[in-house]
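Before any comments, here is the structure.
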Amino acid sequence: MEEFWQLYQNEILSTLICMAILFVTRLVSIQTIKRIGRISDLNKLRTRLIIKYVVIGHSLIFIAALLLIWGVNIKDLGLILSSVFAIIGVALFASWSILSNVTAGVILFFSFPFKIGDRIRIMDKDLDSSEDYMIEDIKAYHLHLRKRNGELITYPNNLMLQKAVTVLNPLEEDQEGTDAI
């Protein structure tokens, strides 16, 4: 055991330092995301989803750092990674819209142009642009929009960034609600 320690002392110490840095940055990131969610009055499930993305990102960075610390041969690793990335690339190319919806979900979380419970109007030729919708839930891939008649619509996150969206203020909602009656 002593021989192992002497042989890999630098790598073990670097790994421990890397773990400590990972722990601190992960903790700070999670606390910051929770604070943003609390200040912006965002749904807790949505906040947890973004935290999950950050934890996955931190884990990937940690694995990459460990590979560098322990001196994994880049040529051998390059062959393995190129094969894996080729398979992943084909899968992501086949489902690029899923990735764009997840990315849009993260952008919507941090820009918070609207939140759950808001009434919005979407300027989309495929939807009735005069109709307003209440945001019922914001998921990783899509939003749940509720029409006034109770009909539920799922709308992709990436389209929320591409289309013009009007957030109606409560006075407009009340006036429109009384006009419809």
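What to note about this one:
- Applying the condition of being of a type in the set (Gly, Ala, Ser) and either touching a Ser or Thr at 6+ places or on another chain (Cβ under 8 Å) or closer than 18 Å to Phe110 by Cα (or both) to the stretch 14-64 and asking which residue is surrounded by the most Cβ atoms within 10 Å (Cβ to Cβ) yields Gly37.
- Qualifying positions in the stretch 1-13 - surrounded by fewer than 10 Cβ atoms within 10 Å (Cβ to Cβ) and either aromatic (Phe, Trp, Tyr) or in contact with a Phe, Trp or Tyr (Cβ under 8 Å, 6 or more places away or on another chain) (or both): Phe4, Trp5
- Out of Leu77, Leu66, sole residue that is over 30 Å from Thr154 (Cβ atoms), in a helix (DSSP H, G or I) and either modelled with pLDDT of 85 or more or acidic (Asp, Glu) (or both): Leu66
- Of the residues in the stretch 99-115, not one is part of a helix (DSSP H, G or I), of a type in the set (D, E, K, R) and open to solvent by 50 Å² or more (accessible area, probe 1.4 Å).
- Residues in the stretch 126-135 that are open to solvent by 40 Å² or more (accessible area, probe 1.4 Å) and under 15 Å from Pro156 (Cβ atoms): Asp126 only.
- Hits in the stretch 39-51 - residues which are under 18 Å from Pro113 (Cβ atoms), more than 13 Å from the chain's Cα centre (by Cα) and either at pLDDT 85 or above or not small (Gly, Ala, Ser) (or both): Ile39, Asp41, Leu42, Asn43
- Test: Arg148 is over 24 Å from Leu99 (Cβ atoms) and touching a helix residue (DSSP H, G or I) at 6+ places or on another chain (Cβ under 8 Å): yes
The values are calculated or read from the model by the stated rules, or taken from the named source; none is laboratory data. Keep in mind it's a predicted model, so treat the numbers as computed, not measured. Heads up, the Cβs are rebuilt from the backbone with ideal geometry, glycines too, and the neighbour counts pull from every protein chain shown. Side chains are part of the model used for accessible areas, which takes the heavy atoms of the whole protein and leaves out ligands, DNA and RNA. Shrake-Rupley method; radii C 1.70, N 1.55, O 1.52, S 1.80 Å.
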